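Participant: Sharing a structure below in structure tokens format, with a few things to ask.
The values are calculated or read from the model by the stated rules, or taken from the named source; none is laboratory data. All values reported here derive from a predicted model rather than from experimental measurement. With ideal geometry, Cβ positions are generated from the backbone for all residues, glycine too; neighbour counts draw on all protein chains shown. These accessible areas exclude ligands, DNA and RNA; they are computed on the full protein's heavy atoms, side chains included. Shrake-Rupley method; radii C 1.70, N 1.55, O 1.52, S 1.80 Å.
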Protein chains: 2
Amino acid sequence: MTDLLVQDCHVLVVDETDGIQLLENHDIHIVGQRIERVAPHDNQAQATALATEVINASGLLAIPGLINTHAHAPMVIFRGLAEDVSIERWFNEYMWPLESNLTEDDVYWGMLLALAEMIESGVTTVADHYFYMDRAAQAVREAGSRAALGWNVFGDQGRETLARTAAFVERWQGAANGRITTWIAPHAPYTCDDEFLRAAADHARALGAGIHIHAAEVMAQTEASLAARGKTPIQVLADTGVLDVPTIIAHGCGILPQDIPLLQQAARVGVAHAPKTYMKLGMGLTPINALRQAGIPVGLATDGAVSNNTLDILESLRLMAMLQKHEARDPEVMPITQALQIAFRDSAAVLGLEQSLGKLAPGFLADVVLLDLSGAHHQPLHSLSASLLYNARAADVHTVIVDGRLLLHERRLLTLDKERIASEVRRSMARLAQRVPEKRIQVYSP
Amino acid sequence: MTDLLVQDCHVLVVDETDGIQLLENHDIHIVGQRIERVAPHDNQAQATALATEVINASGLLAIPGLINTHAHAPMVIFRGLAEDVSIERWFNEYMWPLESNLTEDDVYWGMLLALAEMIESGVTTVADHYFYMDRAAQAVREAGSRAALGWNVFGDQGRETLARTAAFVERWQGAANGRITTWIAPHAPYTCDDEFLRAAADHARALGAGIHIHAAEVMAQTEASLAARGKTPIQVLADTGVLDVPTIIAHGCGILPQDIPLLQQAARVGVAHAPKTYMKLGMGLTPINALRQAGIPVGLATDGAVSNNTLDILESLRLMAMLQKHEARDPEVMPITQALQIAFRDSAAVLGLEQSLGKLAPGFLADVVLLDLSGAHHQPLHSLSASLLYNARAADVHTVIVDGRLLLHERRLLTLDKERIASEVRRSMARLAQRVPEKRIQVYSP
């Protein structure tokens, strides 16, 4: 009856209200794409006999698959090409000129490389926002990951580009056994005028889809918006009807107190938080505490690898917790339980998937990561939850299951040929690294 | 003639003034404990024939062994036992009660476990400050690491304890082929009165040793010192003669501008910076920029695992650079070259070992780490230095050489039995975790 039996692991259960609980020596029974049962380890071997596939997870820690709520995953192909530069130069002299080199094939191979990195670090779901997304979707289908995909569009490309992103939404919504969901993805209020945003919201409403957008990324954007439009970027989203559909807002480091009630009145909104990018680019921080107190979920994210360098959600999680303590100069801020609730429950809620992701319980989708905490850097294991937050490394990820299927086992990728993918990307390195500032896809001038 | 030949690696050369340079496809010739030659790869096989031992390092990146300028390594035995608590509670309700459980054997096994973790993460030298240091030195001798060891003493234990720490200095100075150096280690100005500090400086001067001490750890300590003694902790060190001998100051997050000239006038002083601990405990930050501009070296550190959780200098390095950008809200601050100069050159200078450590060049001690940057999280490798700073993980450490001897090869520890060590520590977990606040070794009341 059980398709996949994960045997004798310790199961971390994170609940929004009850905090965290550790179920020691339990079995996880997976039927199809869902968790059927989590029960004390049955060493009578009866369960084993009835399972199609059995994984011995003795001594391993099972956590829900990690969720990356905002990325531009294929950008791994430009990794390391824009260091130590201001945000203005980062966009205008680096990122947007580099992206003028981009081909559909680059997106495909870049997405595969990024998915390999994410699977190896326990990231099972990514909300991705980029170009040529049919090719990204194809990569997700092959890798076996879960993804919420949106085709980025800029307002100055005209309203017909919205028809393209909407057609992508229709083409791929629910594809790959439901692993792929799709989102309308206008870039940001500072690159899309009100009319364009209104049309994007109309498309989303018509398709029953949500909108994934950058907004109030830094305080300077909020100030520029107030100067130019007389309202904050969040107010722009509210007034153009964007917040009437489900919305993922990337970054929000420039969210003001006056924006919070607008977000509370939204249909369903979540904010993606990518602390490594914010540190590296000196962007400030998302007001996590104010958002959470207002009931607005904040999820973990990596943004793209040109700002974040890695796509490692365990790293984002640790940085988030430590930065909250640092900013408050108070070590009691953001305790372990809260950080883990954000990683698992709130990150799922940002994607509107809290009923099916982010918890190891019956009825939830079987996205499971097994961590090996036997390394010297975890010993002795006085506190498993502290070790998960402050010691765990991507390299501790031992096994990854998505939708009931094994994608990584004993640290070996099962669906992707990493050598082949890396070598395909490397072949294009010289072309990808060309940078002619005048040849850019967009200008940053919020 | 060559004892150990590291063949065909890429060699990172970091210079104080010239910045960083990459020597592609070079051989490192090691004779005895030192680097004899770094030369373009000789594929004539002649060099190979003349070498006693050869390592194929093709495609690997060679960096100088990482230096941890301030730790309490054996504290790994208490890892995870004091989370999300204020500094006062951290000391008085957790750390110092826990340390009343400490035995000599705990220090030995704890030090071995910590050295295993550090070797696996490329840390070849540690400046350690703890108790029962004969046992820590014994562990260092066995592991093959390099260490600067000091036996922690508190002023309220009386001046005779200084004789003990001084005797330790004499017993172990230059031991293990010079891998062990020793330091006088009074705890801090807030736990040692002026007379005690003066006596410590006298001992150091008499022995030709330096002093490793905590000072101005947080701004609250500086304020308390000004209130109680009418001077800053750094002024106390200057007035008691501590700064007349070589000094390692741990943390210095409470260093004021008026302290900088005092440090400039010191015999030789360096400041150890442990950013993960500062974030977790909300301590603020060492004024790295002001210190460096005044010519005072700042080195990377992990502090103990009860605050820092890990002993991972690559993590400290990354956090240091990102925090400097974050605090300044300026991504141009602390560029890659400067961060790597701090990691390699300045960290060696904090220990007074800049003539022999922190550079892969002839005459330097052969402490070499080989990193495997072939993982998906590094691909494609547009910028090797960016990848070292922002992507490299402890698990990328492939080979570690200290004093010309292999300690880790192909990720396997050669000198330590990790399973045995972890199991010895685990046996004591219940006893170690006992916590009776009234039974503490010291009271935090700066």
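Participant: From the list A:185, A:204, A:116, A:163, pick out the single residue that is at pLDDT below 95 and either aliphatic (A, V, I, L, M) or surrounded by 23 or more Cβ atoms within 10 Å (Cβ to Cβ) (or both).
Facilitator: Every option except A:163 fails the conditions.
Participant: On to the next question. Would you be able to say whether some residue in the stretch B:134-143 is in contact with a Gly (Cβ under 9 Å, 6 or more places away or on another chain) and surrounded by fewer than 20 Cβ atoms within 10 Å (Cβ to Cβ)?
Facilitator: no
Participant: Related question: Can you confirm whether residue B:302 is among the polar types (S, T, N, Q), out of contact with any strand residue (DSSP E or B) (no Cβ under 6 Å at 6 or more places or on another chain) and open to solvent by less than 10 Å² (accessible area, probe 1.4 Å)?
Facilitator: So residue B:302 fails the test.
Participant: Yes or no: the stretch B:414-424 includes at least one residue that is part of a loop (DSSP other than H, G, I, E, B) and farther than 22 Å from residue B:6 by Cβ.
Facilitator: The answer is yes; a qualifying residue exists.
Participant: Now for a different question. Just one of the numbered conditions (1) surrounded by fewer than 23 Cβ atoms within 10 Å (Cβ to Cβ); (2) at pLDDT 95 or above; (3) in contact with a His (Cβ under 8 Å, 6 or more places away or on another chain) is not true of residue A:172; which one?
Facilitator: (3)
Participant: Report, by residue number, each residue of the stretch B:306-341 that is β-branched (Val, Ile, Thr) and in contact (Cβ under 8 Å) with a residue 60 or more places away in the chain.
Facilitator: Result: B:306, B:310, B:313, B:336, B:337.
Participant: Evaluate the following for residue B:377: is it in the same structural domain as residue B:37 (by TED's automatic domain parsing), in contact with a helix residue (DSSP H, G or I) (Cβ under 8 Å, 6 or more places away or on another chain) and outside any loop (DSSP other than H, G, I, E, B)?
Facilitator: On the way: in the same structural domain as residue B:37 (by TED's automatic domain parsing): yes; in contact with a helix residue (DSSP H, G or I) (Cβ under 8 Å, 6 or more places away or on another chain): yes; outside any loop (DSSP other than H, G, I, E, B): yes.
So residue B:377 fits the description; yes.
Participant: Hey, can you tell me all the residues within the stretch B:324-341 that are in a helix (DSSP H, G or I), within 12 Å of chain A (Cβ to nearest Cβ) and either open to solvent by 10 Å² or more (accessible area, probe 1.4 Å) or within 27 Å of residue B:85 (Cβ to Cβ) (or both)?
Facilitator: Of everything in the stretch B:324-341, those that are in a helix (DSSP H, G or I), within 12 Å of chain A (Cβ to nearest Cβ) and either open to solvent by 10 Å² or more (accessible area, probe 1.4 Å) or within 27 Å of residue B:85 (Cβ to Cβ) (or both) turn out to be B:324, B:326, B:327, B:328, B:336, B:337, B:338.
Participant: Still on this structure: Could you figure out which of (1) within 8 Å of chain A (Cβ to nearest Cβ); (2) touching a Gly at 6+ places or on another chain (Cβ under 8 Å) isn't true of residue B:357?
Facilitator: (1)
Participant: Can I ask one more? Can you report the number of residues in the stretch A:71-105 which are within 11 Å of chain B (Cβ to nearest Cβ) and either over 24 Å from residue B:336 (Cβ atoms) or open to solvent by 10 Å² or more (accessible area, probe 1.4 Å) (or both)?
Facilitator: 9
Participant: Could you tell me whether residue B:400 is within 14 Å of another protein chain (Cβ to nearest Cβ), buried (at least 19 other Cβ atoms within 10 Å of the Cβ) and in a strand (DSSP E or B)?
Facilitator: Taking the combined requirement at face value, the residue satisfies it.
Participant: Still on this structure: Being out of contact with any Cys (no Cβ under 9 Å at 6 or more places or on another chain), over 30 Å from residue A:396 (Cβ atoms) and among the aliphatic types (A, V, I, L, M) narrows it down to one of A:263, A:314, so name that one.
Facilitator: Result: A:263 is the single residue among A:263, A:314 that is out of contact with any Cys (no Cβ under 9 Å at 6 or more places or on another chain), over 30 Å from residue A:396 (Cβ atoms) and among the aliphatic types (A, V, I, L, M).
Participant: Separate question: Note down all Cβ pairs under 7 Å where the first residue falls in the stretch A:364-376 and is within 14 Å of chain B (Cβ to nearest Cβ), the second is polar (S, T, N, Q), and they're at least six residues apart or on different chains.
Facilitator: A:373/A:387
Participant: From the list B:348, B:395, B:433, which residue is crowded, with 23+ Cβ neighbours inside 10 Å and on the phi < 0 side of the Ramachandran plot?
Facilitator: Testing whether each residue is crowded, with 23+ Cβ neighbours inside 10 Å and on the phi < 0 side of the Ramachandran plot leaves just B:348.
Participant: Let me ask another. Hey, among A:237, A:243, A:226, A:256, which residue is in contact (Cβ under 8 Å) with a residue 12 or more places away in the chain and open to solvent by 10 Å² or more (accessible area, probe 1.4 Å)?
Facilitator: Result of the check over A:237, A:243, A:226, A:256: A:256.
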